[in-house]
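Structure first, then comments.
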Amino acid sequence: MKKRFLYTSVAITAIALLSSNDSFAQKKTKPVIKRNSIEQRVDSILNLMTLEEKVGQMNQYNGFWEVTGPVPKDGQAAKKYEHLKKGWVGSMLNVVGVKDVKALQKIAVEETRLGIPLIFGYDVIHGYQTISPVPLAEAASWDLEAIKKSAAIAAEEAAAVGLNWTFAPMVDISRDARWGRVMEGAGEDPFLGSKIGVARIQGFQGTDLTDHKTILACAKHFAGYGFAESGRDYNTVDVGLSTLHNVILPPFKAATKAGVRTFMNSFNELDGIPATGNKYLQRDILKGEWKFNGFMVSDWGSMGEMIAHGYAKDIKHAAELAANAGSDMDMESSGYVEHLVALVKEGKVKLEVVDDAARRILRTKFELGLFDDPYKYCDEKREKTTVGSKAMHEGVLDMAKKSIVLLKNQNDLLPLKKSGQKIAVIGALANDKSSPLGGWRGVSKDGTAVSVLEGLQKYKGNQITYEKGADVYTGTPVFGLEIKINTTDKSGFDKAVEAAKKADVVIMVLGEVGFQSGEGRSRAKIDLPGVQQELLEAVYKANPNIVLVLNNGRPLAITWADENIPAILEAWQLGTESGNAIAQVLYGDYNPSGKLPMTFPRSVGQVPIYYNQKTTGRPGPGGESVFWSHFTDEKNTPLYPFGYGLSYSKFEYSNLKMSASSFSGNGKITVSVNVKNTSKVDGKEVVQMYIKDEIGSITRPVKELKGFEMVSLKANETKTVSFTIDSKLIEFYTANSKWEAEAGDFKVFIGGSSDATLEGKFEYKN
Ligand code: BGC
């Protein structure tokens, strides 16, 4: 502790900061002064730092430390350890647990010259140990409060083990179900994606970053990563300025406005420039136009990858490009720690660039309160009582129920009767206690999720039999390894068919293995993997009374199932409490209200497919002609559109009314609609408003989501739901290269999905 107090007292004297509210001065003042004091304190530390120490702040290392100390890895650990002791490390990732975090923090604070604390980052994507639904599933809830709460729970659990930074939320928009990382995002739409990104940031960061239950959020991957060609991870991204500004950037901009403290750049190139070395994105847009004053971390090794991209000739050159482009912290490339000092001395990188980056990182450390108490996240008692607590489980169960989407329910097959039924449960995923944890599952252990079978078995009134039918995969799927899908073994089919024959209802749980989506998990085929489709058809022949429960991390092309199976429930990968949530929905103890955040295609050839498409010059239908924009062997329409999802209640929309036929300038207009629950079951409906801009200085989408509201409706109840439309809402990035509202005619659609047909119109005059 000695050194820490040495520098703090020097710093305080140097800037005569005695009126600050921090613990150094032991005084309380108003928040506005706190802000100033942070800037002054950052400056005072910068004044004391050598160039090497400043560059050190810009260096992030992956965990080389476990309870006993450094873990040697080809001499790497020893070198990292040396760097740490010199104060050449600003942050660590993948070190978890109070013991390890504390041991490392102790070195940073007590053994380095200036004692600057470390930030500890980790991918808390959907939970640390108690796992909530994969983010795409959470997005299907369209429930911003629930999503915020889910992030807050994850933050609390993570903060209890010493962490103070999550690399989440991923706010990449993606229209391509082949891309494995769609499971990490909020789907295809920039409006919904922005709202959800903000909810997650608010959940992680709370209202006070110094609170030991909150952690830094990170908006990633900046930018364009979700537009990898053919959905192949890390592939080239080549989009025009309109798509960049109107589709890709809005969630990042919203994140900045919501006060996200960190950003992560991405592996991809964008229009020929790798994101890590992309000045237009990082300096001009993010730090310039948006005035972001947090810091940018590179993605894992992405600085070094600029060599493979053919953009940098070696790692030193890559470090120069990245620093000048505005990438503040280097995750695991060692480009900065090895070369940045020399680059500054050679005049290739200005000292101001390093000062600016170090300042941003130090500022964040102050905001977390780490200088006042570097061990604030290191309370072993809190770790024990928080991780895996009852409150965590209740929280993820609530989120899991809200994430389920009912896709089909012919003849009200669901909910199931609670007694007197023989139920055959079929499918390996029904008895899988690991796959529901999905990808990026924190430290949760295999086998810790509640399986569908276990969830169903809690309801005692029915007679349940289980048959696997077929494995989805062979062997044990391990993170980072190719999953070997079973494409040959059908030896369990006969037993499954026999069980189905004896049953009143068959519940088939099919889909993807937990690690089948996520980073590096792109798929060229997006149907049911392995022999599951054949199993489904074989069982269907024996007993068509099937409820298909899907477990997956991306939209799947399940056209045959949609045509033949009477009830389909999209249950994604719902995390630790998965089976309980699914059972409660199947039995009607929870009425589903989820809506798809991503379009489901009929076949992979339609991908990318998304609701806010352009009309093209030949929208059709073409009648007898083939010369219109269509496929000769597949419909243009999706299997299930964006925003779609059923309920055990039935909702009817009527009486769309506009408060006026036009508005101008800063005025506004209101559109309202009546929504009636025509069923005997209380339920919730996500009412969605879409707007179409008829003519634009650049072509406009056929419609765009511009508002949504979740309403609870008792049986037979009617509510009027209204939305306000103002010029902000109809702004877009125009041919003038700026965000503005253009005068003209607009259509409004309101309904329960992007297929909404109730229509109104208005004119905007500016
Ligand atoms: C991913 C990031 C992640 C990082 C650290 C990278 O491979 O692209 O999203 O945060 O690893 O684990």
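The values are calculated or read from the model by the stated rules, or taken from the named source; none is laboratory data. If you're wondering where the values come from, they're calculated on a predicted model, not measured in any experiment. Using ideal geometry, Cβ is built from the backbone for each residue, glycine included, and neighbour counts are taken over all protein chains shown. Surface areas here come from the heavy atoms of the whole protein model, side chains and all, with no ligands, DNA or RNA. Shrake-Rupley method; radii C 1.70, N 1.55, O 1.52, S 1.80 Å.
Here residue 334 fulfils each of the conditions (1) open to solvent by 10 Å² or more (accessible area, probe 1.4 Å); (2) away from the ligand (no atom under 16 Å from the Cβ); (3) under 28 Å from the mean Cα position of the chain (by Cα) apart from (2).
Filtering segment 241-270 to residues that are within 14 Å of the ligand (Cβ to nearest atom) and under 14 Å from the mean Cα position of the chain (by Cα) leaves 263, 264.
Select from segment 183-198 the residues that are of a type in the set (D, E, K, R) and away from the ligand (no atom under 16 Å from the Cβ) and write down the one among them that is nearest to residue 219 (Cα to Cα). My answer is 195. The helices (runs of 4 or more DSSP H) found wholly in segment 123-205 and carrying at least 2 residues that are in contact with a Leu (Cβ under 6 Å, 6 or more places away or on another chain) occupy 190-205.
Yes/no matrix, rows are residues, columns are (1) open to solvent by less than 10 Å² (accessible area, probe 1.4 Å); (2) within 16 Å of the ligand (Cβ to nearest atom):
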| residue | (1), (2) |
| --- | --- |
| 90 | yes, yes |
| 98 | yes, no |
| 108 | yes, no |
| 126 | yes, yes |
| 129 | no, no |
| 135 | yes, yes |
| 139 | yes, no |
| 148 | no, no |
| 159 | yes, no |
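Across segment 201-240, the qualifying residues are those that are more than 16 Å from the ligand (Cβ to nearest atom) and polar (S, T, N, Q), and the one among them that is farthest from residue 301 (Cα to Cα) is 207. Restricted to segment 748-765, and to residues there that are open to solvent by 60 Å² or more (accessible area, probe 1.4 Å) and modelled with pLDDT of 95 or more, the residue that is nearest to residue 284 (Cα to Cα) is 765.
Test residue 240 against the stated conditions and say whether it is buried (at least 24 other Cβ atoms within 10 Å of the Cβ) and more than 26 Å from residue 141 (Cβ to Cβ). So residue 240 fails the test. For segment 435-447, the count of residues that are assigned to a loop (DSSP other than H, G, I, E, B), buried (at least 20 other Cβ atoms within 10 Å of the Cβ) and among the acidic types (Asp, Glu) is zero. Check whether at least one residue in segment 168-182 is at pLDDT 95 or above, closer than 22 Å to residue 369 by Cβ and within 14 Å of the ligand (Cβ to nearest atom), and report yes or no. Yes, segment 168-182 has at least one match. Within segment 530-562, being open to solvent by 10 Å² or more (accessible area, probe 1.4 Å) and either within 16 Å of the ligand (Cβ to nearest atom) or touching a residue at least 40 places away in the same chain (Cβ under 8 Å) (or both) holds for 530, 534, 538, 541, 542, 543, 545, 557, 559, 562.
Residues in segment 282-312 that are more than 16 Å from the ligand (Cβ to nearest atom) and either under 21 Å from residue 229 (Cα atoms) or open to solvent by 20 Å² or more (accessible area, probe 1.4 Å) (or both): 283, 284, 287, 288, 289, 290, 291, 293, 307, 310, 311.
Of all residues in segment 711-747, those that are open to solvent by 80 Å² or more (accessible area, probe 1.4 Å) and either modelled with pLDDT under 95 or closer than 18 Å to residue 693 by Cβ (or both) total 5.
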